[in-house]
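Asks: The structure's right below; bear with me while I get my questions together.
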Amino acid sequence: MQATRQRILELLRDARILTVEDLAEKLELTPVTVRHHLDILKDDGLVEIPQVRRRQAPGRPQFTFQLTPAAQAYFPRNYQVFSNLMLSEVRDSMPQDQLDRMLGNVAVRMAAEAVIPGPQARPEERLQAAVQFLNERGYEAEWLREPDGVYILRTHNCPYHEVSSTHSELCSMDVQLVTRLLGAGAARREQLNKGDNCCSYVVMG
C-alpha cells in the first residue's frame, strides 16, 4: 500500500466520514492530489462511492468518503497471538487425545465447506476441487502425478505458520483435512515446519 493512500485509510478509519477538503487539510496536499488517491482506493474497492453532503451555506455540494469493509484488511490484526494463546490454553486444559479429537472435528467442519465431486469422480477431479478449496484459504496448493502413477498434493504456504510452528497438532489437523477432501488416506511426505519447501501428501488409494 502506497504511504499516502495508507494514511487516507487511517484518517477515514478514525473519522469514519471525511470530505476531500478535510483530507487535503490533514495531509497537507492539494484537493486534486487527494482526489487522485481516492479514485485509486475506490477502484480497489477500499473506499465507498462518494456521497453528496449539502452545505448549509451557499456553495457547491461537498462529497464525503468512507471505507468499505474490505479496507479493514489493511490495518494491523493480532489473530496469530490470540490463536497461539488460545491453543496453548486448550492444550494445557485437556488430555492430548481430546485435543486431537477436537482438531479432527475442526478438520471435518472445514472440509464440509468444500464442494468436492462424489466417489464416482476421477481422482484428478477430486484433486482439482481440493486444490481450489485450499487455494481459496491461502494454502497455495497444487497436485501432480508421479511416473509410477502415485498422486501427490502439495501446499506451498501454511496460512497459520506462526501458530503451527509451536503447535504441531495443527499439522496433524491438515492431514485430516486433506484426507477428508480427497476421500482417501493421505500420508505426509514433506513438511514446511521441518524445513522442506512445501507440505506434500501422498494420496493412498
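The values are calculated or read from the model by the stated rules, or taken from the named source; none is laboratory data. Computed from a prediction, not measured in an experiment: that's the story for all the values here. Because the Cβ atoms are built from the backbone with ideal geometry, glycine has one as well, and the counts that use them run over all protein chains shown.
Asks: Among the residues of segment 20-40, write down those that are over 30 Å from the mean Cα position of the chain (by Cα) and under 21 Å from Pro69 (Cβ atoms).
Replies: Scanning segment 20-40 gives a single hit, Leu23.
Asks: Moving on to the next point. Within segment 11-32, can you find the residues that are surrounded by 12 or more Cβ atoms within 10 Å (Cβ to Cβ) and touching a residue at least 24 places away in the same chain (Cβ under 8 Å)?
Replies: If the condition is that a residue be surrounded by 12 or more Cβ atoms within 10 Å (Cβ to Cβ) and touching a residue at least 24 places away in the same chain (Cβ under 8 Å), then Leu12, Arg13, Ile17, Leu18, Thr19, Val20, Glu21, Leu23, Leu29 are the ones that fit.
Asks: Restricting attention to helices (runs of 4 or more DSSP H) lying wholly within segment 1-105, give those where 3 or more residues are under 30 Å from Gln176 (Cα atoms) and at pLDDT 90 or above.
Replies: Ranges flagged: 79-93.
Asks: Next up: Read through the list (1) of a type outside the set (Ser, Thr, Tyr); (2) surrounded by 11 or more Cβ atoms within 10 Å (Cβ to Cβ); (3) within 28 Å of the chain's Cα centre (by Cα), then give the number of the only condition that Gln2 fails.
Replies: Only one criterion in (1) of a type outside the set (Ser, Thr, Tyr); (2) surrounded by 11 or more Cβ atoms within 10 Å (Cβ to Cβ); (3) within 28 Å of the chain's Cα centre (by Cα) is unmet by Gln2, namely (2).
Asks: Need the failing condition index for Leu134 against (1) touching a residue at least 24 places away in the same chain (Cβ under 8 Å); (2) among the hydrophobic types (A, V, I, L, M, F, W, C); (3) over 28 Å from Asn84 (Cβ atoms), just the number.
Replies: That leaves (3) as the condition not met.
Asks: Name every residue in segment 92-108 that is under 19 Å from Leu127 (Cα atoms) and surrounded by fewer than 16 Cβ atoms within 10 Å (Cβ to Cβ), in order of residue number.
Replies: Val108, the sole residue that qualifies.
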